[in-house]
1. Here are some residues: Gln12, Gln57. Which one is of a type in the set (S, T, N, Q), touching a strand residue (DSSP E or B) at 6+ places or on another chain (Cβ under 8 Å) and modelled with pLDDT of 85 or more?
2. What's the number of the only condition in (1) aliphatic (A, V, I, L, M); (2) within 17 Å of Thr52 (Cβ to Cβ); (3) in contact with a helix residue (DSSP H, G or I) (Cβ under 9 Å, 6 or more places away or on another chain) that Ala151 fails to meet?
3. Any idea which of (1) of a type in the set (Lys, Arg); (2) in a loop (DSSP other than H, G, I, E, B); (3) closer than 24 Å to Ile148 by Cβ is the one Arg77 doesn't satisfy?
4. Confirm whether Pro171 is surrounded by fewer than 21 Cβ atoms within 10 Å (Cβ to Cβ), touching a residue at least 24 places away in the same chain (Cβ under 8 Å) and not in a helix (DSSP H, G or I).
5. For residues in the stretch 38-68 being part of a strand (DSSP E or B) and in contact with a helix residue (DSSP H, G or I) (Cβ under 7 Å, 6 or more places away or on another chain), which is surrounded by the fewest Cβ atoms within 10 Å (Cβ to Cβ)?
6. Residues being surrounded by fewer than 12 Cβ atoms within 10 Å (Cβ to Cβ) and modelled with pLDDT of 80 or more: count how many of those fall in the stretch 139-168.
7. Go through the residues of the stretch 53-73 one by one and say whether even a single one is free of Cβ contacts under 8 Å to residues at least 60 places away in the same chain, closer than 28 Å to Trp183 by Cβ and of a type in the set (A, V, I, L, M).
8. Would you check if Ser74 is hydroxyl-bearing (Ser, Thr, Tyr), at pLDDT 85 or above and within 18 Å of the chain's Cα centre (by Cα)?
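The values are calculated or read from the model by the stated rules, or taken from the named source; none is laboratory data. Keep in mind that what you see is a predicted model, and the values were worked out from it rather than measured. Here the Cβ positions follow ideal geometry from the backbone for every residue, glycine too, while neighbour counts run over all protein chains shown.
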Amino acid sequence: MPDPSATPLPEQTLGAQYDGRTVTVTAPARLHLGFIDMSGDLGRRFGGLGLTLSGIQTRLSVTRSPGIHAKGPSGGRAEQCARMLLRTLGLKGGVSIAIEEAIPEHVGLGSGTQLALAICAAFVRLFDLDSDLGQLAKLTERGARSGIGLAAFESGGFLVDGGRGRATVVPPVLCHVAFPPPWRILRRSRGLNHRRR
């Protein structure tokens with residue numbers, strides 16, 4: 001289990017590294033610090049604050065293969081995401097996903113979103129797709145209420161999400177700044193579901 005006192009990630013350019021055969025992607029954990037307007041009384045629903053963390057991440061490699069396989073932590077979720085993307089995008093063949101490390105699941109660090117975005121980013125490079133990450137995030141049902149996960153994946157730092165309007169695909173980031181490196185975040189995992197954590 002990662003150290004619960006994590007260092008905020010000030011800035012990070014996250015992209016897929018491709019060597020001609022294998023795409024490797026690293027996606028950091030994020031803390032979603034809460035929604036600003038759940039009801040939409042301010043004209044946009046949700047909106048929120050978020051922070052990207054270093055030291056807790058998902059790192060995976062994807063290659064083309066005849067079938068669809070995923071191994072490592074969160075392998076079942078990764079395989080399900082890959083199957084859906086291949087089917088929805090009409091891509092031929094399959095993929096093999098090797099997950100070197102994964103953000104712990106169900107502890108509020110964005111494990112599902114970051115895993116899905118890492119796979120989407122790998123698909124863009126591996127299949128030379130003309131899609132942006134926001135479009136693919138929508139296919140994987142990520143970013144429906146908050147743009148924090150996608151923004152954390154793309155650029156890191158401290159983020160303010162503007163919430164959803166009527167025609168919003170992914171909520172816009174209104175503010176993106178580097179988080180002061182000396183600051184630390186201590187996250188307690190005891191809450192309503194503390195017995196499961």
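1. Gln57
2. In the conditions (1) aliphatic (A, V, I, L, M); (2) within 17 Å of Thr52 (Cβ to Cβ); (3) in contact with a helix residue (DSSP H, G or I) (Cβ under 9 Å, 6 or more places away or on another chain), Ala151 misses (3) alone.
3. If we test Arg77 against (1) of a type in the set (Lys, Arg); (2) in a loop (DSSP other than H, G, I, E, B); (3) closer than 24 Å to Ile148 by Cβ, just (2) comes out false.
4. no
5. Arg64
6. Within the stretch 139-168, residues that are surrounded by fewer than 12 Cβ atoms within 10 Å (Cβ to Cβ) and modelled with pLDDT of 80 or more number 0.
7. Taking every residue of the stretch 53-73 in turn, at least one turns out to be free of Cβ contacts under 8 Å to residues at least 60 places away in the same chain, closer than 28 Å to Trp183 by Cβ and of a type in the set (A, V, I, L, M).
8. yes
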